[in-house]
1. Pairs of alpha-carbon atoms within less than 8 angstrom and 6+ residues apart define the contacts here; what relative contact order does segment 42-199 have, in percent?
2. Assign unit charges at the C-beta atoms only (+1 for Lys and Arg, -1 for Asp and Glu), then state the dipole size of segment 126-259 relative to its Cα centre in Debye, rounded to the nearest 20.
3. Grab the other residues whose beta carbon is less than 13 angstrom from that of Ala101, score K and R as +1, D and E as -1, and report the net.
4. P(r) of segment 4-73 in 5 Å steps, Cα pairs, percent per bin?
5. How big is the charge dipole of segment 47-191 about its Cα centre, in debye rounded to the nearest 20, if each Lys and Arg gets +1 on its Cβ and each Asp and Glu gets -1 on its Cβ?
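Just so you know, all these numbers are worked out from the coordinates, no wet-lab data involved. Since the model is a prediction, treat every value here as computed from it, not as a measurement. Positions of Cβ are generated from backbone atoms using ideal geometry, with glycine treated the same way; all protein chains shown enter the neighbour counts.
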Amino acid sequence: MSTDSLVLPSRIEVAGLDFEVQLSGSRRTIGITVDRDGSLIVNAPDGCREADLAAFAHEKRMWVYRKLAEKDLLLSHRPEKSFVSGEGFAYLGRSYRLLLADGRRDPVRLERGRLVMQGDIPARGHGAQTMIEWYRTLALRWFAGRVKPWAERIGVDTASIDVRDLGYRWGSLGKNERLNFHWATIQLPPALVDYVIVHELAHVLVPNHSPEFWAGVERAMPNYQLAKSRLAQLGSGLWLGETKELNRQMPEHEMSSGSRALTGQTERARKHIDQ
């Protein structure tokens with residue numbers, strides 16, 4: 001039997017999906033589990049190669065998206081925005097009204113309690129793209145300042161940070177312990193952003209969602225269960241890039257966050273697919 005399984009990573013990322021890897025000596029096939037909290041697990045028999053796991057996960061990715069949607073882990077009715085003066089956009093838990101104005105130096109700027117956007121940007125069809133980039137830029141700055149103190153509190157080294165569209169998840173722990181966060185997270189109140197940070201940093205020590213993992217989260221953030229519940233409630237109201245003008249449905253491979261992960265439920269309702 002191959003010894004490749006001895007060096008399998010604890011997590012793999014395939015097509016924007018982050019899987020926890022679990023080995024079992026009793027299995028003969030590869031399987032995928034979608035947990036109720038949005039966690040994904042690829043179950044592998046001893047002797048399995050990483051390339052085989054990645055290939056299987058890629059082949060079954062559309063099945064995974066469908067199961068996430070069925071569990072209400074993806075939004076079926078995502079908020080849509082119009083890029084006109086007066087439209088509201090959230091930033092760190094507060095709502096700001098959009099103001100279109102000409103002659104601005106920055107594409108988007110928070111100014112005197114308003115989000116000011118250069119007036120010709122929506123007319124060229126770039127409103128959503130420009131706003132998402134603004135969120136991403138500010139999120140990078142915010143996370144850079146918040147990750148370090150939480151990492152010190154948990155007792156892990158500060159990792160590199162990336163902010164991007166993570167599909168259905170608020171955050172993930174990537175290769176080389178890189179912390180990935182969804183750009184939409186910056187719309188949440190600061191306390192909930194901190195919870196997302198603590199959740200991912202705790203995975204540096206414990207890659208799964210075992211009792212040991214949640215105990216580590218609680219040590220760093222004793223009120224994490226309240227934050228977890230609030231995140232599930234507020235997640236469905238976050239804007240994920242859809243516009244009323246386009247009114248388009250995103251293809252399955254682009255589906256984004258919402259009330260999917262971190263639902264506050266501890267019991268598992270698993271759906272399986274086996275090779």
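1. Details: 179 pairs, mean separation 26.4, N = 158.
Worked out over segment 42-199, it gives 17 percent.
2. Values: 14 positive and 14 negative charges, 46 e Å.
It comes to approximately 220 debye.
3. On the way: positive: Arg97, Arg104, Arg105, Arg109, Arg112, Arg114; negative: Asp102, Asp106, Glu111, Asp120.
Net local charge, Ala101 excluded: +2.
4. Going out from 0 Å in 5 Å bins, segment 4-73 shows 3, 18, 32, 24, 15, 7, 2, 0 percent.
5. That gives a dipole near 240 debye.
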